Amino acid sequence: MPYHYLRNLGFFLLVTLLAILAQLAVNFTDESIEQMKTITASQQARLEAANQMNNALLHAALLYRQDSMIENIPAEEIMATLDSLAVKIKNLKKNFAFAKEQEEEQALDTSLFAIRQGLVSLFEAGQEPVDYTVSLLPQIKDHLRTIHFSLSTLAYGGMHSVGANDPLAACLSLDVTHDLAHLEAMVEKFMTGEGLKLDVVMKLLTLAGDRVSLLKDHTRPDDDHRHELEYLNDLLIKLRTNLPRIYDGWQNDPTMSLLPEEIALTGTVWDEIAVTADELIEQEKIDMQRRQAALESEAGQKRRQFVFLAATSILFAVLFAFFINSLLSKRIGRLIQGTAKLAKGELGFRIDMPTRDAIGQLAASFNGMAESLSDKQRELRDSFELLQTSEKLLQMSNEQLEKRVRERTAALSAANAELQLMGTAFSHALEGILVTDENGSILKANPATTQIVGFEMNELMGASIRVFDTGSHAEDFYLTILADLREKREWDGEVLCRRRNGDVVPLWLSIAAMETQKEQISYYIASFRDISEHKKQEMLIRHQAMHDSLTGLPNRLLLKDQIHIAIAHAERRRKKLVVLFMDLDNFKTINDTQGHMAGDLVLRGVAQRLKTIFRPEDTVCRIGGDEFIAIIGDLDSEDFALTIAERILKSLAVPFPYKGEYLAVGGSIGLTVYPDDGTDSDMLIKNADQAMYAAKSQGKNRIHFFSANMHAYAQERLIREEEIRRGLDANEFTVFFQPIIDLATMRVAGLEALARWQHPERGSLKPADFLQVCEDSGLMVPVGRRLLEEFCRHSREILTGCADRHLYFSFNLSASQMQEEGIAESINDMLQRYDINPSRVVIEIIEPAVITNAQKAALVLLLLADTGIRIAIDDFGTGFCSLAVLKHLPIDALKIDKTFVRKITQGDNDRRIVAGVTSLAHHLDMRVIAKGVETEEQLSFLKQCNCHMAQGYLFSKALPAADLPAFLKTHSSS
């Protein structure tokens, strides 16, 4: 085909292509315009929907505000009705003879005048506050009822004056009553108004809600307006929920006084709806203008792009035609030849051609390109070698990188798992957890927080931590917390928190401060828990610790505090203070004979009577057993305290009924006066105790003030107590042993350890000289522990020097030692330390030690018996220990008191008691030991009663441990 045909054909095809492209550009531009119109129409529809919504809201708001205003009945109509009523009342009064009802007639005129004045004030109060207009309506109603009552009274009196069957009187009364009811209804109608338009308002709100839903349906999920539409929809729902309740309130209370908070809240919602709707409409207008401008700009840009494409195509066509013509040149062939060689890889081929024209320059470019390719080939070869080396290094680096990625991935997975665990712990923690910024604004809270403080989660977010402040803590308290957080980065303690409902609850709060890289506090993390129940339990425990559980009175612990307070008060006001110490007479007999239930009843009854005698500011305490102490303060003299004490004795003279019987008790009362008899609590209580004992020693049921002689006696006791303490330090306490004889063999069966005090000045003192002081002063436990040590030491010495393996050793345990914690373990440890077989040991206890705390005593005795130690009841018959108690205790022997043994030769009663105790012991499979045997006649009677053992001066007095070996050689058993 000739070349020029080929050229023309190519040119024609390019022109055709350009025409097609131009037409496509025009069509595409038209489509863009149509699309812009379509979008504009859609936007216009959205704007129209928004306007419809706004119009509906405006109309609804207008109707609501019209309904919220009081719609009055014309005042002239109400006043005309009142004038008509006044005329009818005047005619009614003319038709009756009012002889004795002048006061009712005056009240009638006064009420008419007051109603007229009230209505005038009501009509003029249109611009007054609601509270003022509300107060007028009840006043007018009260005057209307007064008129009705006065007319009834007048009519009754009048009809009795002129005749009860007067038809004119009945008609006039009925007419006036009707007008009264009509006037009251008109006044209420004036206040309540008519024509409330709730249905129309609700329809308009529903229409507005539909338009909001329509706008939401035409809004993309990521559109910024969607949140505002959802918020507006929520407000409309809240408004539709509240309006029926408000309209009901207006129907029942036109003065709108019943729902002030609801009406205020609804007004706020109306305002928020109006603002939100206006913002939406304005935004819709701005969006529509912005989208139109964007579409127009886009269409113009596309048109320009297509025009540029067309121009470029024309230019290309011209160049194409020129290039085709140049191909006719022979040099083009050489270029083609060089290109072919170059394509075969002959990079050394060059085209020798002058460079005077474009083809020559192209040949030169070809040569340069060939040279460049040759250089590139060499470089490529070198690069390939380098690439192989780099590939190996890259492979190694890739393996290291993959290893690091795996390690990092594992670390991230572990961190993510830990983060999820922490999130789960945060959400499910039972304690409340808050995260705040450095200013105390709440950033995060867990569900437990809302349960503890009562606030919803959305109410807490962004709120200040001060929302929980109760005002109970001073500003210094918070400054201390901040100082600790800055210095120690943590704080914990008890705070008071205000819940959402206003309740105040105690919390245990822990705060930690979180630092940034610059060591600046950025966050605070607070955890807390409600300790209300703990505080209640703490208060209950404190109350129980300071009050007697039986009577509810304060105990000894609280007594000390109250005396300190009373002394400080008396000293400050220069007043006197009296401490009253009372011990019940005959209570022990009731408790032992009638049982603890009877004793508890008496104690509760005494406490109740004491509460009625003392003043509210006085303090009455039960310090234990049957002892009571009272503090009577703010006195000018002791006379009032004496009067109180006399009232107590008079009150106790009335016996307490119990199961058909009467339990009678008395009281011995001792009184001490501050500051005459003491200046501190301990001295006042001790002196009152001494005064009480003085009253008891004088015959009981008496009152005794503390005197100087008692003080001297107290001083002597203090000296004795100090000597006992010194004796403990100097190891002056030891034990002597009195032999116990087996009456069947007349040999020594055992040894009873008896306490002795080797006083440096007074010589060897027996138990009666110091044990009571030990009991009263609380020294019995340390003294008893020292005596137990001496008992074990000497027993070990006796056993070492004695071949009699059947000898046993007896030791007396006091009531105080029985109550000592761990006494059984202490005795067992002592026996093990001195290598004494427990089966050789008998522990003797007196009956009061068992009765005082039977449960505690039973536990101690059982623990001792489990180790092999035997138990004996000492001085049996002198106490009140019942057989019911004995049969539950591991008792091995009964020891008859010497008072019974001494008199068995003088009277039949004591002989019968000894014989009865011996017979009882035999039936209970217990041994019997008689104490204080001094004559052969006593010994003979005991043998006749089958008494097992005896001890006394007839056989031997108590001997020091050093004298026992010689005695045992002549009296020991085989």
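Across the stretch 863-974 the C-alpha pair distances fall into 10 Å bins from zero in the proportions 13, 40, 32, 14, 1 percent. Averaged per residue, the stretch 574-637 has 41 square angstrom of accessible surface, using a 1.4 angstrom probe with ligands and nucleic acids left out. If you sort L771, L183 by accessible surface, 1.4 Å probe, largest first, the order is L771, L183. Only protein atoms count toward the accessible area here, which uses a 1.4 Å probe; on the stretch 718-964, the carbon and sulfur part of that area reaches 50 percent. A simple packing score, the average count of other Cβ atoms within 10 Å per residue, orders the peptides 389-402, 549-562 as 549-562, 389-402, with the highest score first. What percentage of all Cα-Cα pairs in the stretch 601-758 are separated by more than 28 Å? Value for the stretch 601-758: 44 percent of Cα pairs lie more than 28 Å apart. Placing dummy labels 7 Å off each Cα toward the beta-carbon, the span from I286 to D892 is 10.4 nm.
Here the Karplus relation 6.51 cos²θ - 1.76 cosθ + 1.60, evaluated at θ = phi - 60°, turns the backbone of the stretch 777-785 into coupling constants of 9, x, 9, 5, 5, x, 5, x, 5 Hz, with x for every Gly and Pro. Considered as an equivalent ellipsoid built on the Cα gyration tensor, the stretch 718-964 has semi-axes of 27, 21, 19 Å, the largest given first. Around the amide H of I846, modelled in the peptide plane, lie the amide H atoms of D874, all under 5 Å away and 5 or more residues distant in sequence or on another chain.
The fraction of accessible area contributed by carbon and sulfur in the stretch 429-536 is 50 percent, rounded to a whole number (1.4 Å probe; ligands and nucleic acids excluded). Here the simple spin-label model places points 7 Å from the Cα toward Cβ, and for L557 and R408 these points are separated by 6.4 nm. Annotation: amide H-H contacts under 5 Å for L959 (H modelled 1.01 Å from N, sequence separation of 5 or more, or interchain): F737, Q738.
Ranked by the mean number of other Cβ atoms within 10 Å per residue, highest first, peptides 688-694, 651-657, 444-450, 381-387 order as 688-694, 444-450, 651-657, 381-387.
Take every Cα pair under 8 Å whose residues are at least 6 apart in sequence, average their separation, divide by the length of the stretch 447-545, and the relative contact order is 21 percent. Based on the Kirkwood approach, the hydrodynamic radius assigned to the stretch 423-535 is 14.4 Å, with every pair of different Cα atoms included. Across the accessible surface of the stretch 546-707, with the other protein chains kept in place and a 1.4 Å probe, carbon and sulfur atoms take up 51 percent. Per the Debye calculation on the stretch 723-771 with a single equal scatterer at every Cα and no solvent contribution, log₁₀ I(q)/I(0) for q = 0.30 Å⁻¹ amounts to -1.09.
Here each label is just a point 7 Å from Cα along the line to Cβ, and for L920 and K588 those points are 1.9 nm apart. Across the protein chains, with a 1.4 Å probe defining accessible surface, the residues F955, F581 rank F955, F581 from largest area downward.
Heavy-atom accessible area for L373, with the other protein chains in place and a 1.4 Å probe, reaches approximately 70 Å². Of K588/K696; K535/K686; K659/K696; K696/K887, which pairs sit farther than 24 Å apart, going by alpha carbon to alpha carbon? Flagged as over cut-off: K535/K686; K659/K696; K696/K887.
The values are calculated or read from the model by the stated rules, or taken from the named source; none is laboratory data. Since this is a predicted model, take the numbers as computed values, not measurements. Because the Cβ atoms are built from the backbone with ideal geometry, glycine has one as well, and the counts that use them run over all protein chains shown. Remember, those area values only see protein heavy atoms, side chains included, never the ligands or the DNA or RNA. Shrake-Rupley method; radii C 1.70, N 1.55, O 1.52, S 1.80 Å.
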